[in-house]
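Accompanying notes for the structure given below.
The values are calculated or read from the model by the stated rules, or taken from the named source; none is laboratory data. On a predicted model such as this, the values are computed, not experimentally measured, just so you know. Cβ placement follows ideal geometry from the backbone for every residue including glycine, while neighbour counts extend to all protein chains displayed. Accessible surface areas use protein heavy atoms only, side chains included; no ligands, DNA or RNA. Shrake-Rupley method; radii C 1.70, N 1.55, O 1.52, S 1.80 Å.
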Amino acid sequence: MNETFVVNKQHLQGVFITPEILKGKNHGILFIHGLTGHKESSYQYAKGLAKMGYISFLFDMRGHGESDGDIHIITQKDFLDDALAAYDYLTGVEWVDKDNISIVGSSSGGHLATLVSTKRKVKNLVMRAPADYPNEVFDKSPMENGADNPKVMEWRKKVAIEDKRYKNLN
């Protein structure tokens with residue numbers, strides 16, 4: 001089922017992938033794609049989960065896929081607003097168990113999934129190759145603060161060196 005919801009006057013596109021037979025309240029799973037990704041990248045997982053009775057909601061963040069917005073000016077905070085709105089949309093559906101919501105986040109979607117879990121009730125959190133960002137760039141576009149930015153890469157290296165498991169990065 002294709003869905004449209006609005007965040008800050010921009011239309012976001014989502015899709016529910018459901019079991020063939022819905023039974024009362026069902027476990028809901030929100031998929032959050034990574035930077036430059038799109039909802040279709042998780043279809044195969046959601047379809048497999050539907051066969052096991054789960055309801056999945058996949059959506060395109062602003063500036064991605066079929067959703068409105070310019071990826072070059074949208075900030076990580078804007079993407080968090082998108083993910084929170086998608087969570088709220090999922091939990092607003094009558095056949096979803098609001099006390100049984102999981103999130104699957106890929107790359108920067110994994111980063112967003114952890115942030116959503118601090119603001120909403122999340123039963124399970126799955127992160128696929130999660131990205132990390134310094135707090136100072138949260139209000140800036142990740143397009144200019146990702147792997148191409150030397151300051152971000154230096155921060156990531158510093159964090160890894162402080163984590164004693166990474167001894168050979170000096």
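For the reader, a short list of remarks on this structure follows.
- Using C-alpha pairs under 8 Å with a sequence gap of at least 6, the mean separation divided by the residue count of segment 99-140 gives a relative contact order of 46 percent.
- Between residue 158 and residue 100, the contour length at 0.36 nm per residue exceeds the Cα-Cα span by 17.2 nm.
- Placing a label point 7 Å from the Cα of residue 118 along the Cα-to-Cβ direction, the residues of segment 57-79 whose backbone N falls under 19 Å of that point are 75-79.
- Relative contact order, whole percent, for segment 1-116 stands at 33, derived from Cα pairs under 8 Å and 6 or more residues apart.
- Dipole magnitude of segment 1-156, debye to nearest 20 (Cβ charges: Lys/Arg +1, Asp/Glu -1, about Cα centre): 600 debye
- Cα centroid of segment 112-143 to Cα centroid of segment 1-30, whole Å: 20 Å
- Accessible-area value, residue 3, 1.4 Å probe, nucleic acids and ligands omitted, Å²: 40 Å²
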